[in-house]
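Chemist: Below is a structure I'd like to ask you about.
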């Protein structure tokens, strides 16, 4: 039986909320799960992500394959990096150090993205609206005067 770690939708219409679950790869999206590993709420600002690291690492070591979306979420929390380093046979203190460095880099990148988004939003609000911008006739009159 091939196992997958994937998201199962449990939210209502227009309000997505997902569980991180282990399922048989042949099961439907919201079908019966083997184990619940956490949850993901994309609507919260910033999004909420709760992952039970030990359980995820246990299932990954047993051969469960994460989907691309789940792998992305695992990278955000450092679980994927921890799994890769454990697979290489690194000592625990080296794993903790590298995971902490990776999480710091991700945190800095997210903060930079938030700052650039805020700057773009501020730039948009300071520009005059198309209806407020001077028309071409007004600019030619001002130049000739």
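Chemist: Please name all residue pairs, on different chains or six or more residues apart, with Cβ atoms under 9 Å, provided the first residue is in segment 52-72 and is touching a residue at least 60 places away in the same chain (Cβ under 8 Å) and the second residue is loosely packed, with under 13 Cβ neighbours inside 10 Å and assigned to a loop (DSSP other than H, G, I, E, B).
Modeler: Note: pairs meeting the criteria are 63/2; 64/2; 65/2; 65/25.
Chemist: I've got another one for you. Going by the conditions given, is residue 74 within 17 Å of residue 38 (Cβ to Cβ), in contact with a strand residue (DSSP E or B) (Cβ under 7 Å, 6 or more places away or on another chain) and in a helix (DSSP H, G or I)?
Modeler: Numbers: within 17 Å of residue 38 (Cβ to Cβ): yes; in contact with a strand residue (DSSP E or B) (Cβ under 7 Å, 6 or more places away or on another chain): yes; in a helix (DSSP H, G or I): yes.
Against the criterion (within 17 Å of residue 38 (Cβ to Cβ), in contact with a strand residue (DSSP E or B) (Cβ under 7 Å, 6 or more places away or on another chain) and in a helix (DSSP H, G or I)), residue 74 qualifies.
Chemist: What residue, among those in segment 1-28 that are in a strand (DSSP E or B), touching a strand residue (DSSP E or B) at 6+ places or on another chain (Cβ under 9 Å) and free of Cβ contacts under 8 Å to residues at least 24 places away in the same chain, is surrounded by the most Cβ atoms within 10 Å (Cβ to Cβ)? Quick ask: steps written out before the conclusion?
Modeler: Residues of segment 1-28 in a strand (DSSP E or B): 3-9, 12, 15, 18-24.
With touching a strand residue (DSSP E or B) at 6+ places or on another chain (Cβ under 9 Å) added as a condition, the list becomes 3-9, 18-24.
Filter once more, so that each one left must be free of Cβ contacts under 8 Å to residues at least 24 places away in the same chain: 9, 19, 21, 23-24.
Details: 9: 11, 19: 17, 21: 23, 23: 20, 24: 13.
Among them, the one singled out is 21.
Chemist: Also, quick follow-up: Only one residue in 62, 87, 120, 107 is exposed (fewer than 12 other Cβ atoms within 10 Å of the Cβ), in contact with a helix residue (DSSP H, G or I) (Cβ under 9 Å, 6 or more places away or on another chain) and either under 23 Å from residue 7 (Cα atoms) or modelled with pLDDT under 90 (or both). Which one? Please lay out each step first, then the result.
Modeler: On the way: 62 fails: in contact with a helix residue (DSSP H, G or I) (Cβ under 9 Å, 6 or more places away or on another chain); 120 fails: in contact with a helix residue (DSSP H, G or I) (Cβ under 9 Å, 6 or more places away or on another chain); 107 fails: in contact with a helix residue (DSSP H, G or I) (Cβ under 9 Å, 6 or more places away or on another chain).
Testing whether each residue is exposed (fewer than 12 other Cβ atoms within 10 Å of the Cβ), in contact with a helix residue (DSSP H, G or I) (Cβ under 9 Å, 6 or more places away or on another chain) and either under 23 Å from residue 7 (Cα atoms) or modelled with pLDDT under 90 (or both) leaves just 87.
The values are calculated or read from the model by the stated rules, or taken from the named source; none is laboratory data. Computed from a prediction, not measured in an experiment: that's the story for all the values here. Cβ atoms come from the backbone with ideal geometry, glycine included; neighbour counts cover every protein chain shown.
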